[in-house]
Amino acid sequence: MKRLDYYWYARSPWLLLLTPFSLAFRVVVRLRRFAYRTGLLRSYKVSLPVIIAGNITAGGTGKTPLVIWLADYLRGKGYRPGIISRGYGGKASSWPQQVRPDSDPAMVGDEAVLLAGATRCPMAVGPNRVAAARALIEHSDCDVILSDDGLQHYALQRDIEIVVIDGVRRFGTGFSIPAGPMREPFRRLQEADLVVVNGLGSAQEHQMRMNLGDAHNLLDKGITRRLSSFQGKAVHAIAGIGNPERFFQSLQQLGIQLEKHTFPDHYHFTSADIRFSDNKSVIMTEKDAVKCRHFATENDWYIPVTVQMPPEFCQRLDGLLADRVDSHD
């Protein structure tokens, strides 16, 4: 059975049946924003500057690799970034939770463990991002906060907003959830400080390039293989992410023959999900790998992703940092 987001981007006509629910969703979004703007709902300013990287659509756009890039970029500029996230999929009994590279993804969420390991930044997660930010400030020496997602979490005031768009799928039907992928209307882009497109975009969008790294073994990430070594070979490709087809296509473009295995985003893997009756290699995303390491074999590999941003994005970000972050009080 195909996922709902398949029909959003295939523009299936039966989605018209869901438009009344989309209209209701859009009304709720407007009322909620009005409540925050007028003070009916309270928003909070924390003691450190906040940079949010999010999206206006449901599903994967590449914002988590961008947050990793931002953390590295900020460190290069002399900042000490800390990261907050919702901890989606985590089953901790209390929030917020501090996250380390060796934290249990079942408790704090897979993306959180990926971010903590990739950036080595202090990190706190929880459904209440204000509480997560305050916990991070209390328990670390960070001087700027990066929020992975949370664009619509208006309870937390922000200094810089970055919106990430999928350059291939764009906005699908253009309808709000559930008849389409839109969390907020198109005009929300005009309020963002920076709009980043994962792929090809317009002149107003900063193009983000995502590059696949070498394959790392799940049992020992120090053991690597060049992706070219899989060329012409059949492998099992595992993806439990927001946009699995992007991952599959990037491997196919390298001449790797795939047997695709798609799982829901944030899926909790078991050994049976990645074990097959043949001896073919298993290749997965880094996000999925954090949940499979404890039952991995020497035949399991993950592919890290790195991001390249254009000079004009860096220049614009530098200006925003100087104007809003350095002058934050």
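No value in this document is a laboratory result; all are computed from the given coordinates. All figures in this text were calculated on a predicted structure; none of them were measured in a lab. Positions of Cβ are generated from backbone atoms using ideal geometry, with glycine treated the same way; all protein chains shown enter the neighbour counts.
Check Met123: other-chain or 5+ apart residues with amide H under 5 Å from its amide H, H built from backbone geometry?
When sequence neighbours closer than 5 places are left aside, the close amide H contacts are Ile83, Val99.
Quick one, can you get me the convex hull of the C-alpha atoms of segment 79-122 expressed as volume per residue in Å³?
Expressed per residue, the convex hull around the Cα atoms of segment 79-122 is 58 Å³.
What do you get when you divide the Cα radius of gyration of segment 1-101 by 2.2 N^0.38 Å, with N the number of residues?
With N residues counted in segment 1-101, Rg over 2.2 N^0.38 Å equals 1.46.
Given the peptides 82-90, 28-36, arrange them by the average over their residues of other C-beta atoms within 10 Å, most packed first.
Sorting 82-90, 28-36 by mean packing, highest first, produces 82-90, 28-36.
Just to be sure I understand the curve: with the Debye formula and one point per C-alpha of segment 193-237, what is log10 I(q)/I(0) at q = 0.16 Å⁻¹?
Scattering profile of segment 193-237, log10 relative to I(0): -0.65.
Separation of segment 171-221 and segment 254-329 by C-alpha centroid, Å?
After rounding, the separation between the Cα centres reads 15 Å.
Roughly what % antiparallel, to the nearest 5, for the DSSP beta bridges in the chain?
Percentage antiparallel, nearest 5: 25.
Hey, if you put +1 on the Cβ of every Lys and Arg and -1 on every Asp and Glu Cβ in the chain, which of Val144, Ser85, Pro101 ends up farthest toward the positive end of that dipole?
The one lying farthest along the dipole's positive direction is Ser85.
If the viscosity is 1.002 mPa s and the temperature 20 °C, what translational diffusion coefficient in µm²/s does Stokes-Einstein give for segment 238-277 when Rh comes from Kirkwood over Cα pairs?
Result for D is 195 µm²/s.
How big is segment 33-164 by Rg and Dmax over its Cα atoms, in Å?
Every Cα atom of segment 33-164 included, Rg and Dmax give 13.8, 42 Å.
Please state the relative contact order of the chain as a whole percent: Cα pairs under 8 Å, 6+ residues apart?
20
Which angle from 0 to 90°, rounded to the nearest 10, does the C-alpha axis of helix 311-320 make with the longest principal axis of the chain?
With both axes taken from Cα atoms, the answer is about 40 degrees.
So for segment 55-106, Kirkwood radius off the Cα pairs, Stokes-Einstein at 37 °C and 0.692 mPa s: how many µm² s⁻¹?
The diffusion coefficient I find is 248 µm²/s.
Among DSSP beta bridges whose residues both lie in segment 68-183, state the antiparallel percentage, nearest 5.
Percent antiparallel among DSSP bridges in segment 68-183 is about 25.
Using the alpha-carbon atoms, what tilt in degrees (0 to 90, nearest 10) does helix 63-76 show relative to the longest principal axis of the chain?
Relative to the chain, helix 63-76 is tipped by roughly 70 degrees.
Regarding segment 164-258, what whole-number volume in Å³ per residue does the convex hull of its Cα atoms give?
Value for segment 164-258: 145 Å³ per residue.
Roughly speaking, what % of Cα-Cα pairs in the chain are separated by over 27 Å, rounded to a whole number?
For the chain, the share of Cα pairs beyond 27 Å comes to 47 percent.
Take peptides 302-312, 105-115, 233-243, 11-21 and line them up by average Cβ neighbours within 10 Å, highest first, as a rough protection proxy.
Highest-to-lowest ranking by the protection proxy: 105-115, 233-243, 302-312, 11-21.
Here are some pairs, Lys221/Lys260; Lys91/Lys221; Lys45/Lys91; Lys233/Lys280; Lys260/Lys280; Lys63/Lys287; which of them have Cα atoms lying more than 18 Å apart in this structure?
Lys221/Lys260; Lys91/Lys221; Lys45/Lys91
Would you mind listing how long segment 108-176 runs along its three principal axes, going by Cα atoms, in whole Å with the largest first?
43, 27, 20
Under the rule of at least 5 residues apart or a separate chain, name every residue whose amide H is placed under 5 Å from the amide H of Ser147.
Amide H neighbours of Ser147, under 5 Å, 5+ apart: Ile51, Ile52, Ala53, Ile84.
Of all the Cα-Cα pairs you can form in segment 264-329, what percent are over 17 Å apart?
For segment 264-329, the fraction of Cα-Cα distances above 17 Å is 59 percent.
Angle between the Cα long axis of helix 129-139 and the longest principal axis of the chain, 0 to 90 degrees, nearest 10?
80
Using θ = phi - 60° and the Karplus form 6.51 cos²θ - 1.76 cosθ + 1.60, what ³J(HN,Hα) does each residue of segment 100-114 get, whole Hz, x for Gly and Pro?
10, x, 9, 5, 7, x, 5, 8, 10, x, 5, 5, 5, 5, 4
Among residues other than Gln97 whose Cβ falls under 12 Å from its Cβ, what is the net charge (Lys/Arg +1, Asp/Glu -1)?
Around Gln97, the charge tally is +2.
Where both partners of a DSSP beta bridge lie in segment 107-257, what percent of those bridges are antiparallel, to the nearest 5?
Around 15 percent of the beta bridges assigned by DSSP in segment 107-257 are antiparallel ones.
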